[in-house]
Protein chains: 2
Amino acid sequence: MKQDINVYMQELGIKARKASSTLAAVESKTKNDALHAIADKLIANTETLKTENAKDLEAGKAKGLDNAMLDRLALTDASIKQMAEGLRQIAALADPVGEINDLNYMPSGIQVGQMRVPLGVIGIIYESRPNVTADAAALCLKSGNATILRGGSEAIHSNKAVAQCIQDGLKEAGLPSECVQVVEVTDREAVGELLRLKDYVDVIIPRGGKGLIERVSNDSLIPVIKHLDGICHVYIDDDADKEKSLKVTFNSKSQRYGTCNTLETLLVAKSRASEILPELHSLFVEEGVELRGCEQTQQIIDCSPASEEDWQTEYLAPILAIKVVADLDEAIQHINTYSSQHTESIITQDITKTRRFMREVDSASVMVNASTRFADGFEYGLGAEIGISTDKLHARGPVGLIGLTSLKYVVFGDGHIRQ
Amino acid sequence: MKQDINVYMQELGIKARKASSTLAAVESKTKNDALHAIADKLIANTETLKTENAKDLEAGKAKGLDNAMLDRLALTDASIKQMAEGLRQIAALADPVGEINDLNYMPSGIQVGQMRVPLGVIGIIYESRPNVTADAAALCLKSGNATILRGGSEAIHSNKAVAQCIQDGLKEAGLPSECVQVVEVTDREAVGELLRLKDYVDVIIPRGGKGLIERVSNDSLIPVIKHLDGICHVYIDDDADKEKSLKVTFNSKSQRYGTCNTLETLLVAKSRASEILPELHSLFVEEGVELRGCEQTQQIIDCSPASEEDWQTEYLAPILAIKVVADLDEAIQHINTYSSQHTESIITQDITKTRRFMREVDSASVMVNASTRFADGFEYGLGAEIGISTDKLHARGPVGLIGLTSLKYVVFGDGHIRQ
């Protein structure tokens, strides 16, 4: 059986590599036609998608999946429409492939520039959200990459049904169906094989919980674009505007609790703590947010004590850790020690401290006077995102179409030789 | 002992991480001052450098190192002067750190841009060339990265002497000496430890032969920027200009034999083979280059037969493999099958075929009517290079200062919150 899975995955890899050559060279119109055709197929096959999805939901219930998981697994008329709409939005984005930057003449007489090209073959490993199948495939397709998709086994019927729509759409646009392949083996060993296909797969993108991402990064022989935690900070500086402080802090924590760009630890300059913390306390208590403070915080407001562990925790829940700091130096030091390098924001009116915070905080997104909740591909104008990277190499922060491409050098000469 | 090395390497990592925070925020002038100070120290300590180098040379001779290796190991007045000159050239380059690209207003009212930032800590693993110590340290320093350098044990005295100059120079400019650290343990286990320091080192760059690079990539838990082979191709198209074909092919192969951008396999369109191959034959025979041809080539010129293995070989020697192909399609297919994705050049006057070659050949450098020998950081205007990457992620082709940096998002608001 293990041997069969090995052969099966190798074949997917070989086919994907072959399809990627075709896909790298096709014109934008063909890719956009395919995206629209896939969207049409999804709408036209709404009933089939729901029937197949019902099988997964039933099995999921029998298996005892909790309501949140069943919710993410469910396909409805509305979610199918949304999937189709997402594909049309990606079709409307500019195609980054083939663009040549900075074509310059060199002293030797040759012209040198860089052309944006697809990465090649992308492996996506995700949990039981069938909409990721369409969404990830579309971003990879638009950026000229072939994709191998491996979704959670709980969504296998739904994923296969979505995959059928994708393949019909590709065919209608005249593209090889191997541009997007769904792994149909639910055995966990298939993931292991995918992570070892380094001759055929150029990058792995895991999407899901921390457990999945850690497992994938540890086992992969292929480079991984990933995001682990989102331990995001807001720092209210001595020179912060009070209204902006309250507004941005409240929004960063409360606009949504379960997202990676949600505020988890608030830092407040000592000089402003007794003025601002009581007002924040009222706002958050009314909202039902539990506050955990350092000793100085506890002297100002009524809250539970924060321990060392709190500074290291991504709550993903209505809980906020608060620490009073002496100044910007201590704030930056705390952030660069405990942050997961996702997103941090300073609230200040002072330009010098803004400059320092922007330069010295080593995170994927660094903000001034703005909610951490803005750290998102749509809000950054990328049109869509395949994920948010907390790595430094290749892509950092929200990853859109550009993050799924690379640059190769192009050189134009006229018989030029090196002296 | 193994435990000691572990502790020693961890300490280097912790110190490097700390120094990298300082280095990321200093102004260009400080970094340039340090580079000039290091250059001055190298010149002032020429005699010491030569004395220490003599110890390595003596030990190397005793150990039976061949002449080529001893040659690479040797430091002379001229090579020390050249090292210093290299540092001054890097000081003169523009500093990429802190530059903000494309700062745009979004519909929400926030401004979003990307700031170029150092990667953090870079580990360089190289063989017995002491000049790499200064060169690699300088590129990393200028791009704001702290460095841990691990050179070949045969060059340990030389490397330590160069490192002393570097540290004196850093000190003179007011920078922490931990910005550049040389691993002083010659035990091979130190390399293994370095490759596991993933909390403290952001990227590993191996410089040296294929064996070293393969070992490093296989063992590293840290992302690696590397280049493996250089199996480079020239394709002489139906519509090639004959003079350009001869000139570029001859230069690509013969200008230097041992470099990674040297031509290894020549592809010739069938329609031009009988006209061009005999002239190339005369040129190459006179130069002492051995030709190995496919069957069709053998019918046209006197040469030894090329086997499947020849298409997969980087000779790094005066040997050239030649294959006659039907057309551009076959040429691209051969290249995308056998190339190491380093550098390929088409010789043609036809714009349509140029467009196809540029788009469809999947290599780090793709050229038209230019010698493959141009694939080089200096020739591309990067000012200097730390190596040539045949990877696709992050950096592809010659890697200069930009390749040693990353982009983080910066967001400017004025109390903006997400709706």
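The values are calculated or read from the model by the stated rules, or taken from the named source; none is laboratory data. Here the structure is a predicted model, which is why all the values come from computation and not from measurement. All Cβ positions, glycine included, derive from the backbone under ideal geometry; neighbour counts span all protein chains shown. Side chains are part of the model used for accessible areas, which takes the heavy atoms of the whole protein and leaves out ligands, DNA and RNA. Shrake-Rupley method; radii C 1.70, N 1.55, O 1.52, S 1.80 Å.
What the table below lists for this structure:
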quantity	calculated
Pairwise burial B:A, computed as accessible area of each alone minus the pair, summed, 1.4 Å, Å²	5600 Å²
Distant-in-sequence amide H partners of B:Val410 (H built 1.01 Å from N, under 5 Å)	A:Val366, B:Gly113, B:Gln114, B:Met115
Heavy atoms of B:Lys41: accessible area, 1.4 Å probe, square angstrom to 10	50 Å²
Coarse-grained scattering of segment B:232-374 at q = 0.14 Å⁻¹, given as base-10 log I(q)/I(0) from a Debye sum over alpha-carbon atoms	-0.53
Residue closest to axis [chain B; rotation mapping onto A; Cβ; Å]	B:His394, 2
Under-5 Å amide H pairs with A:His342, H placed in peptide plane, nonlocal only	A:Ile231, A:Ala364
Between segment B:27-62 and segment A:209-276, the alpha-carbon center distance in angstrom	45 Å
Amide H partners (placed H, <5 Å) of B:His227, local residues excluded	B:Thr390
Set of lysines with alpha-carbon distance to A:Lys81 below 26 Å, sequence-local pairs under 8 removed	A:Lys29, A:Lys31, A:Lys41, A:Lys50, A:Lys55, A:Lys61, A:Lys142, A:Lys160, A:Lys171
For B:233-243, mean number of other protein chain Cβ atoms within 10 Å	0
Relative packing of B:234-243, B:289-298, B:349-358, which averages over residues the other C-beta atoms within 10 Å, highest first	B:234-243, B:289-298, B:349-358
Degrees separating the helix A:351-360 axis from the principal Cα axis of chain A, which is the longest one	50 degrees
Accessible solvent surface per residue of segment A:232-374, calculated while the other protein chains remain in place, 1.4 angstrom probe, Å²	38 Å²
FRET efficiency for B:Thr337 and B:Glu275, using Cβ-Cβ distance with R0 set to 25 Å, rounded to 0.05	0.40
Separation of the A:Glu295 and B:Ala54 label points, Cα + 7 Å toward Cβ, nm	6.2 nm
Counted charge near A:Arg256, where neighbours are those whose Cβ lies closer than 10 Å (Asp, Glu -1; Lys, Arg +1)	+3
B:Tyr257 versus B:Gln3: modelled label distance in nm, points set 7 Å from Cα along the beta carbon direction	5.3 nm
Count of Lys pairs (Cα-Cα under 19 Å; at least 8 positions apart or interchain) in segment A:191-337	11
Neighbourhood charge, 11 Å Cβ-Cβ cut-off, centred on A:Leu320 and excluding it, Lys, Arg +1 and Asp, Glu -1	-1
Fraction of accessible area attributable to carbon and sulfur, chain A (%, probe 1.4 Å)	47 percent
Distance between modelled label sites at B:Gln89 and A:Glu47, nm, 7 Å Cα→Cβ extension	7.2 nm
CD proxy at 222 nm, helix term only [per DSSP H run n ≥ 4: -39500 (n - 2.57); per residue of chain A; nearest 500]	-14500 deg cm²/dmol
Test item: B:374-387 mean partner chain Cβ contacts at 10 Å	3
Cα centroid of segment B:318-377 to Cα centroid of segment B:87-105, whole Å	32 Å
Counted charge near A:Met106, where neighbours are those whose Cβ lies closer than 15 Å (Asp, Glu -1; Lys, Arg +1)	-3
Computed E for B:Ser177/B:Asp219 - FRET, C-beta separation, R0 41 angstrom, nearest 0.05	0.90
Hz values of 3J(HN,Hα) by residue in segment A:319-330 - Karplus curve (6.51, -1.76, 1.60), Gly and Pro given as x	9, 10, 8, 10, 9, 8, 10, 5, 6, 4, 4, 5
Peptide B:106-113 - average C-beta neighbours from other chains (10 Å radius)	5
Cα-based helix-to-principal-axis angle, A:210-219 vs chain A, degrees rounded to 10	50 degrees
